[in-house]
Amino acid sequence: ATACGGGGGQGGGGDTIVLGFSQVGAESGWRTANTESIKQAAKDAGIELKFSDAQQQQENQIQAIRSFIQQGVDVIAFSPVVESGWDTVLAEAKSAGIPVILTDRAVETDQEEVYETFLGSDFVEEGRKAGRWLVEEYAESDEDVDIVELQGTTGSAPAIDRKEGFSEVVSEHGKFEITASQDGDFTRSGGQEVMQAFLSSDDDIDVLYAHNDDMALGAIESIESAGLEPGEDIKIISIDGIKDAFQAMADGKINLVVECNPLLGPQLMDLVEKVHAGEGVKERIKVEEGVYTQDQAEEALPDRKY
Ligand code: GYE
């Protein structure tokens with residue numbers, strides 16, 4: 001029987017694109033905004049989304065991708081929790097003839113043509129932006145500057161690249177020294193715990209460089225519990241630009257936020273449609289981002305979308 005109107009529904013019209021998406025987890029404000037953006041954009045584009053949350057575990061992601069292959073989805077997209085270890089599952093998707101799109105984070109592979117495109121930020125450049133601001137900030141000072149670093153998840157593209165870009169810039173100046181650097185897994189609790197450990201072994205920290213806002217916000221709690229003033233006694237730089245970080249900046253507790261835009265949903269759905277239609281897409285698509293200081297925070301706050 002044929003139904004008039006009705007629109008879609010199960011088994012209706014074979015032209016609805018089915019997208020399997022494997023998300024990293026729900027570790028940060030950035031991630032939550034990214035997930036919402038993807039879900040909303042899929043709805044808006046009329047794409048059927050099979051969404052799976054890997055709780056920051058690579059094996060969960062591999063399992064999810066295998067299950068998408070088994071279900072015969074049209075396109076697979078994922079945000080790889082770590083950079084390496086994807087060759088086998090990517091080869092499996094390829095031999096099943098299912099195109100793969102990487103979003104947010106990159107993979108490390110020497111295989112050719114195992115994914116269509118990578119949509120995401122330039123994390124090395126974000127690290128450089130953080131470093132450049134610091135160099136400017138201390139331009140007039142001859143004293144040594146002790147920096148502690150809160151790294152994102154070990155082995156993840158943003159942790160590797162944000163460290164690299166930052167070190168590249170600050171290492172050109174002898175006065176900067178990264179005295180401690182540890183994994184806080186991109187979470188508030190991770191940031192809080194690791195910062196507490198940093199503070200108990202060093203009472204002369206000048207700067208905290210956090211690979212994301214959530215770790216910086218967790219660290220602020222530890223700095224305050226230690227009787228110090230975040231943003232004053234210890235300068236704080238973080239990356240992402242979530243509302244809470246803008247609020248902390250407006251309150252004087254964070255000094256610089258390097259923006260990393262999570263609202264990738266609409267662009268991703270556009271790529272899904274193109275790839276599904278067999279159209280060529282660029283191999284690398286970067287996201288445009290800014291840098292914000294305390295004097296801009298208050299004004300920018302109402303317009304922040306995440
Ligand atoms: O900066 C962090 C999140 O991959 C860019 O992951 C993303 C990072 C983001 O947990 O907050």
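The values are calculated or read from the model by the stated rules, or taken from the named source; none is laboratory data. Given the structure is predicted, the values throughout are model-derived calculations rather than measurements. Cβ placement follows ideal geometry from the backbone for every residue including glycine, while neighbour counts extend to all protein chains displayed.
Worth a mention:
- Residue count for region 247-306, restricted to those that are surrounded by 13 or more Cβ atoms within 10 Å (Cβ to Cβ), basic (Lys, Arg) and more than 17 Å from PHE118 (Cβ to Cβ): 2.
- Residue check, LYS50 away from the ligand (no atom under 13 Å from the Cβ), in contact with a Ser or Thr (Cβ under 9 Å, 6 or more places away or on another chain) and not hydroxyl-bearing (Ser, Thr, Tyr): yes
- Within region 141-169, the set of residues being of a type in the set (Gly, Ala, Ser), buried (at least 20 other Cβ atoms within 10 Å of the Cβ) and over 16 Å from VAL258 (Cβ atoms) comprises just one member, SER156.
- When residues in region 107-142 are screened for being under 20 Å from the mean Cα position of the chain (by Cα), in a loop (DSSP other than H, G, I, E, B) and either among the small types (Gly, Ala, Ser) or closer than 15 Å to HIS173 by Cβ (or both), 1 of them pass.
- One residue stands out among those in region 142-168 that are modelled with pLDDT of 95 or more and more than 16 Å from the ligand (Cβ to nearest atom): the one that is nearest to GLU193 (Cα to Cα), which is VAL148.
- Selection count where residues are away from the ligand (no atom under 16 Å from the Cβ), of a type in the set (Asp, Glu) and in contact with a Gly (Cβ under 7 Å, 6 or more places away or on another chain), scope region 233-258: 0
- Checking GLN55 against (1) part of a loop (DSSP other than H, G, I, E, B); (2) touching a Phe, Trp or Tyr at 6+ places or on another chain (Cβ under 8 Å), the condition it does not meet: (2)
- For the residues SER222, SER171, the requirement of being within 18 Å of GLY131 (Cα to Cα), away from the ligand (no atom under 16 Å from the Cβ) and among the polar types (S, T, N, Q) singles out SER171.
- The C-beta contact set for region 170-190 (first residue assigned to a loop (DSSP other than H, G, I, E, B), second residue surrounded by fewer than 16 Cβ atoms within 10 Å (Cβ to Cβ) and polar (S, T, N, Q), distance under 8 angstrom, 6+ apart or interchain) comprises LYS175/SER141.
- When GLU113, GLU177 are screened for being touching a strand residue (DSSP E or B) at 6+ places or on another chain (Cβ under 9 Å) and over 25 Å from PRO262 (Cβ atoms), only GLU177 passes.
- Condition broken by GLN192, with the remaining ones in (1) more than 17 Å from the chain's Cα centre (by Cα); (2) buried (at least 24 other Cβ atoms within 10 Å of the Cβ); (3) not charged (D, E, K, R) satisfied: (2)
- Among the numbered conditions (1) of a type in the set (A, V, I, L, M); (2) closer than 27 Å to ASP161 by Cα; (3) away from the ligand (no atom under 16 Å from the Cβ), the only one that VAL81 does not meet is (3).
- Close pairs (9 angstrom Cβ cut-off, 6 or more residues apart or separate chains): under 13 Å from MET269 (Cα atoms) and more than 9 Å from the ligand (Cβ to nearest atom) in region 14-37, modelled with pLDDT under 95 and among the β-branched types (Val, Ile, Thr) anywhere: none
- Residue that is out of contact with any helix residue (DSSP H, G or I) (no Cβ under 7 Å at 6 or more places or on another chain) and within 16 Å of the ligand (Cβ to nearest atom), where the choices are GLN71, GLN56: GLN56
- In region 89-106, of all residues being assigned to a loop (DSSP other than H, G, I, E, B) and within 16 Å of the ligand (Cβ to nearest atom), the one that is surrounded by the fewest Cβ atoms within 10 Å (Cβ to Cβ) corresponds to ALA106.
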